[in-house]
Amino acid sequence: VGAVIYPDELLKLDFEEMKKEELKNLMAKQRLGKTGYLSIIGLEGERKGVYILSKDRARDGENDLWEKDAAGNFFIKDIVEDAPVLESGKSRIKYCLNREPGERGERRKVLAYTYFKPWNWAIITSAYLDEFFGPVNKVRNWIISICVAAILLGSFIVYFFASAMTQTLSKIVNKMSKAAKGDLDVRAW
């Protein structure tokens, strides 16, 4: 009777789990803007709909399969059902209405997700649209302001030239009218 132990295999299993934890810790520190973050949801068995990685790791292990957004949509369930059918390297976008703790109203949030087949995970990035498009909206507002200023300035210039031309034409018409009535002493200029 003999027993053989392969410590390399045991180390390999522990090593993979340690690397997963390191990876999750690194991902948990990532921020997209002020409120955007990465999360991972399990897709099958006991882990279906369970946070493997949540914002600041605060909800790890929590099952949110039936979580609704402010509009009543099951956005996690939709992602869990859709992610496994994505082709390798592809991602999809989903929108939901959400409210951060301490906020009054709902804000629209964009969730981009992909499927990580080796570990059967949905990896999700999320950010609020107003924050995501904030710099773009600033540029848009500057462009609108410049256009409005250009239109107003252009209108003023056109009005100034039109007034000057109208006054000149009015003087010419008056002089021609006097000449037509027989006053031949009228000077043209």
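The values are calculated or read from the model by the stated rules, or taken from the named source; none is laboratory data. These numbers were taken from a predicted model, which means no experiment stands behind them. With ideal geometry, Cβ positions are generated from the backbone for all residues, glycine too; neighbour counts draw on all protein chains shown. Note: areas computed on protein heavy atoms with side chains; ligands, DNA, RNA excluded. Shrake-Rupley method; radii C 1.70, N 1.55, O 1.52, S 1.80 Å.
For this structure, a couple of remarks:
- Residue identified as outside any helix (DSSP H, G or I), over 23 Å from the mean Cα position of the chain (by Cα) and modelled with pLDDT of 85 or more among GLU67, GLU46, GLU87: GLU87
- Number of the condition not met by GLU131 [criteria: (1) assigned to a helix (DSSP H, G or I); (2) without any contact (Cβ under 8 Å) to a residue 12 or more places away in the chain]: (2)
- Filter pass, ILE123 being touching a residue at least 60 places away in the same chain (Cβ under 8 Å) and either over 19 Å from SER54 (Cα atoms) or over 16 Å from the mean Cα position of the chain (by Cα) (or both): yes
- Pair list, Cβ under 7 Å, 6 or more apart: region 158-176 residue modelled with pLDDT under 85, other residue surrounded by 10 or more Cβ atoms within 10 Å (Cβ to Cβ): LYS175/VAL186
- Cβ-Cβ distances below 6 Å connect the following pairs, each with a first residue in region 62-82 that is farther than 18 Å from GLU106 by Cβ, a second residue that is open to solvent by less than 40 Å² (accessible area, probe 1.4 Å) and in a helix (DSSP H, G or I), and a separation of six or more residues or different chains: LEU65/ILE76.
- Complete set of residues in region 70-84 that are in a helix (DSSP H, G or I) and not basic (Lys, Arg): PHE75, ILE76, ASP78, ILE79, VAL80, GLU81, ASP82, ALA83, PRO84
- Positions within region 95-111 being in contact (Cβ under 8 Å) with a residue 12 or more places away in the chain and either over 16 Å from GLY49 (Cα atoms) or open to solvent by 70 Å² or more (accessible area, probe 1.4 Å) (or both), in sequence order: TYR95, CYS96, LEU97, ASN98, ARG99, GLU100, GLU106, ARG107, ARG108, LYS109, VAL110
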